[in-house]
Structures are given as C-alpha cells and as structure tokens.
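To start, the structure under review is shown below, and the notes come after it.
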Amino acid sequence: MRRADATRLYYALQILVSMSTWVVMAVYLVQELHLSPLQLVLMGTAMEGAVFLFEIPTGVVADTYSRRLSLIVGDVGMGVSWMLVGIVSAPWIIIALWGLWGLSYTFTSGAEEAWIADEVGADKVGRVFLRGARVAYIGSVLGLVLQVAIGILSLRAGVIVGGAITVAAGLLCLLFMPETGFQRRPRAERGSALAEMRTTAVSGARYAWAAPVILLLVGVQLFMGMSAEAFDRLKEAHFLRNVGLPAVGHLDPVVWFGIFCSSACCSGSSRPAG
C-alpha cells in the first residue's frame, strides 16, 4: 500500500489525537454514571500509576523495534479504552479501563516526535513541530464542538465518538505511515524484550542520577502531579453537584463546560487533563 507524505500525515495525526476532549467524558462520568469523588480520583490514580510504571518499558518498543508499531498500539489502545468507558457502567471496570488508557498512552509518549524527526531530519523538524502545534489547536476546537454537539443528544455517544477518533488515528498509522528514517538494530545486537527494558531503565536511571537538575525536575513534576490530580478529577463534579451552573437559556451542562474549555483554549491554557 502506498505510504503517505510523512509531514502531512503528522499534521493529520495532530488534528485527530487532539479531537478527543475530556469535557464530555467528565460530564458523563458525573451526570450519567454518578461516580463518587473517590471513584473519580481512583480512576485518575490508575491512569497516572500506569504511566509511571510503564513509561520506560513501553519506550523500548519505539526505540528498539518500531516507532510506527508503538504509535499503532498506543492510539488504538487509548481509543478502545475510551470507547469502552462509554459502553460499560461498573465503576471498577471504568477504573481499570482508565489504567489501560494510561498504559496505552505510554506507547505514544515521545514516539510520534521521534518518528517525524527521523523522517524529516533534525534541521526541518523544528518548523514541523511549530506548525503541528497550530493544527493540534484546530483539532482540539473541532473535537470540542463535535463532541459537545453530540453530547447534547447523548453523553454516552459523545464519549464513544471521542474514542473512535483516536482509534482512527491508529488505523491511519497502520495503513499509511512511512518509516524510512528509523533503522532497527540487527537481531544479533538485540537482546530479549525484557533485557532491552532492563538496559533502558538502568541507563536512564544512571543518567538522571548523574545530573542533579534532572532529579530536581523529576521531584517538581512528582509534587505537581500529586497536587493537581484531585483538582483535575473533581472540578467538574464540584461544579455539577455543589456549585451549580448559571441558569441562562437552560443550557445543557456539557455546553457550559464546552464554553469553559473553549475559553481556556483561547487564553492559551492547556486542554483539560485526561
């Protein structure tokens, strides 16, 4: 099958992976499934724990075997997990699925940037990253409008559509992604998957231990994550259950959160945490 131009495909992926918005998911979890604050926090904790545990091991797939394979596994895994949250209702299953979403995310972390850098070269990749950030912003706005519009009719359908978009990104990688810049090491030079994971983890730990500034950054990120997790998971529930939303035109709650999110995007803030 004919492969696509790497740069154009990168921009298309930036749009697609940015379209799944947390807004509809958050309202769905609170308003439809009635998850408790503890369950919401456990959901986020399962995701963060999976990212922490598997970030290094899954990076071996992209660095040793294939960037393309890593992106396919990650995008399809994230999309399927997201869709299944819109299908099942048991809280413990949803918590487990969000842990699976975190595991799948680690396959994509850094792999997409490494892939496009391999394909276009270090001298051109800076411009590609800047333009990619702009098209990702367009994707986030399009996804927000689409999922909120669907969420007005059915929050469950809005969640499922969000996951389907991410699955589509994985299928796009499967069908059209070229991988000419990455050269897999010869089999004779590669150890087993477990040995490669151990080598990568030990090398990274030694490098970080030798550079105090990296340890400082790790510590800062650790405490930032610990302080932000409860707010990320509970802010929508707090508004819906305790604060309330303005009674202007009888707008659906998902519309209000869509307005809040679009305002944050316009001010340059990051999208709500998934």
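The values are calculated or read from the model by the stated rules, or taken from the named source; none is laboratory data. Keep in mind that this is a model prediction, so the values were computed, not measured. Cβ sites come from the backbone with ideal geometry, for glycine too, and all protein chains shown count toward neighbours. Side chains are part of the model used for accessible areas, which takes the heavy atoms of the whole protein and leaves out ligands, DNA and RNA. Shrake-Rupley method; radii C 1.70, N 1.55, O 1.52, S 1.80 Å.
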Residues of the range 6-47 being closer than 24 Å to Val128 by Cα and among the charged types (D, E, K, R), which ones?
-> Arg8
Taking Val41 as the residue in question, decide whether it is open to solvent by less than 50 Å² (accessible area, probe 1.4 Å), assigned to a helix (DSSP H, G or I) and farther than 25 Å from Cys173 by Cβ.
-> yes
Could you check the range 86-190 for helices (runs of 4 or more DSSP H) lying wholly inside it with 1 or more residues that are of a type in the set (Asp, Glu) and closer than 20 Å to Ser18 by Cα?
-> 111-120
Is it the case that some residue within the range 241-261 is touching a helix residue (DSSP H, G or I) at 6+ places or on another chain (Cβ under 7 Å), modelled with pLDDT of 70 or more and in a loop (DSSP other than H, G, I, E, B)?
-> yes
Report the residue count in the range 121-134 for those that are of a type outside the set (Gly, Ala, Ser) and open to solvent by less than 30 Å² (accessible area, probe 1.4 Å).
-> 2
Leu13 fails exactly one of (1) over 14 Å from the mean Cα position of the chain (by Cα); (2) within 19 Å of Thr166 (Cβ to Cβ), namely (1)
In the range 76-108, what residues are closer than 16 Å to Leu13 by Cβ and aromatic (Phe, Trp, Tyr)?
-> Tyr105, Phe107
Kindly list the number of the only condition in (1) surrounded by fewer than 17 Cβ atoms within 10 Å (Cβ to Cβ); (2) at pLDDT 90 or above that fails for Leu194.
-> (2)
Would you call Ile138 modelled with pLDDT of 95 or more, surrounded by fewer than 17 Cβ atoms within 10 Å (Cβ to Cβ) and more than 16 Å from the chain's Cα centre (by Cα)?
-> no
Which of (1) surrounded by 10 or more Cβ atoms within 10 Å (Cβ to Cβ); (2) farther than 19 Å from Gly151 by Cα; (3) at pLDDT 65 or above is the odd one out, the single condition Cys266 does not satisfy?
-> (3)
